[in-house]
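Visitor: Got a structure for you, written out below as structure tokens; questions coming shortly.
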Amino acid sequence: MDIKGTCISSTIDEHGPIYVYQNRTCRILSFDGKIYQSSMKLNDINGLHLGYTQAMMAALLFIPRVNTATIMGLGAGSMVKKLLSSFSELNMHAIEYREAVAKVSKEYFYLPDTERLFIHIDDAANYIKKTKIKSDIIFSDLYNSQGMEPKQVESSYLRDCKNALNKQGILVLNIWNSVMNSSAELNELLQLEFENQVLSFKVESGNIIILAFKGAMPLINKAELMTKSEWLQDKMNIPMKCYAKLIEEAQNL
């Protein structure tokens with residue numbers, strides 16, 4: 001196994017194994033003992049350790065006030081914990097296919113028991129098609145031990161996510177090892193479903209973060225972007241100014 005550390009928990013459900021590893025500084029969730037599914041620093045249990053999860057928070061630069069957020073794919077709950085601890089009035093919905101994963105996130109990764117968090121044990125595509133909840137932001141991070149879930153880049157799923165957003169809501173996608181034949185094919189699909197209101201940038205890990213806007217992409221100048229990024233950086237303790245610069249490059253600000 002490639003993950004360095006001691007395995008402190010090993011369980012299995014009908015979908016496969018779930019491992020929790022711990023080393024001197026971190027606790028790690030893995031589905032195969034090789035790839036990090038999520039990582040938590042022991043001295044910062046509400047922090048975002050993996051760079052791509054930090055980058056997904058860049059969508060908050062475009063939302064004046066976030067009241068309701070949905071996360072497709074709970075994992076160890078890193079994004080849930082960061083958002084709940086950063087925004088005291090935020091209500092969150094987390095969709096997780098595997099009940100065993102939700103149990104592990106509570107027992108080993110300190111997922112909070114709060115009335116502001118609603119956990120739905122369901123298939124992501126099924127949930128988003130049927131939900132009546134409208135979110136300001138939807139984070140989609142659907143992965144298993146084989147890689148990215150193909151449904152994450154299917155037109156029906158993207159359309160259902162769009163329908164579950166508020167009027168000026170944003171869908172945030174983490175894309176890695178895409179099942180699409182090419183990035184051009186994925187871009188074409190996103191442009192079609194979101195009527196060209198799409199922004200994307202690549203982070204150091206190789207992940208592509210896509211922001212798809214239900215309404216018109218907000219007009220924001222460089223100065224406003226940097227001011228908001230500085231505020232969010234202080235509030236969330238993540239390098240938001242770095243991601244604001246990547247957005248600047250993507251928008252040619």
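Visitor: Condition check: under 22 Å from ASP141 (Cβ atoms), in contact with a strand residue (DSSP E or B) (Cβ under 6 Å, 6 or more places away or on another chain) and surrounded by 13 or more Cβ atoms within 10 Å (Cβ to Cβ). Does CYS161 satisfy that?
Guide: Yes; evaluated as a whole, the condition is true for this residue.
Visitor: Filter the stretch 196-212 down to the residues that are without any contact (Cβ under 8 Å) to a residue 24 or more places away in the chain and polar (S, T, N, Q) and list them by number.
Guide: Residues satisfying the conditions are ASN196, GLN197.
Visitor: I need the full set of residues from the stretch 213-238 which are in contact (Cβ under 8 Å) with a residue 12 or more places away in the chain, closer than 29 Å to ASN43 by Cβ and either crowded, with 17+ Cβ neighbours inside 10 Å or over 20 Å from the mean Cα position of the chain (by Cα) (or both), in order please.
Guide: LYS228, SER229, LEU232, MET236, ILE238
Visitor: Quick one: in the stretch 1-54, of everything that is among the polar types (S, T, N, Q) and crowded, with 16+ Cβ neighbours inside 10 Å, which residue is farthest from the chain's Cα centre (by Cα)?
Guide: GLN22
Visitor: Within the stretch 87-98, does at least one residue satisfy the condition of being farther than 26 Å from GLU204 by Cα and in contact with a Lys or Arg (Cβ under 6 Å, 6 or more places away or on another chain)?
Guide: Yes, the conditions are met somewhere in the stretch 87-98.
Visitor: Going through the stretch 160-189 one residue at a time, which ones are at pLDDT 95 or above and over 14 Å from the mean Cα position of the chain (by Cα)?
Guide: Correct list: ASP160, LYS162, ASN163, ALA164, LEU165, ASN166, GLY169.
Visitor: Examine the stretch 110-119 for a residue that is of a type in the set (Phe, Trp, Tyr) and assigned to a loop (DSSP other than H, G, I, E, B), and state whether such a residue exists.
Guide: yes
Matching residues to (1) assigned to a strand (DSSP E or B); (2) more than 27 Å from THR11 (Cα to Cα); (3) among the small types (Gly, Ala, Ser); (4) in contact (Cβ under 8 Å) with a residue 40 or more places away in the chain:
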position	(1), (2), (3), (4)
LEU29	yes, no, no, yes
HIS49	no, no, no, no
ALA59	no, yes, yes, yes
VAL66	no, yes, no, yes
ALA69	yes, yes, yes, yes
LEU74	no, no, no, yes
SER88	no, yes, yes, no
ALA94	yes, no, yes, no
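Visitor: Restricting attention to the stretch 188-212, report how many residues are surrounded by fewer than 15 Cβ atoms within 10 Å (Cβ to Cβ), assigned to a helix (DSSP H, G or I) and not charged (D, E, K, R).
Guide: 2
Visitor: Looking at this structure, is SER156 among the small types (Gly, Ala, Ser), part of a loop (DSSP other than H, G, I, E, B) and farther than 23 Å from GLY51 by Cβ?
Guide: No, not satisfied.
The values are calculated or read from the model by the stated rules, or taken from the named source; none is laboratory data. Remember, it's a predicted structure, so these values are computed and weren't measured experimentally. For neighbour counting, all protein chains shown are included, and Cβ atoms are generated from backbone atoms with ideal geometry for every residue, glycine included.
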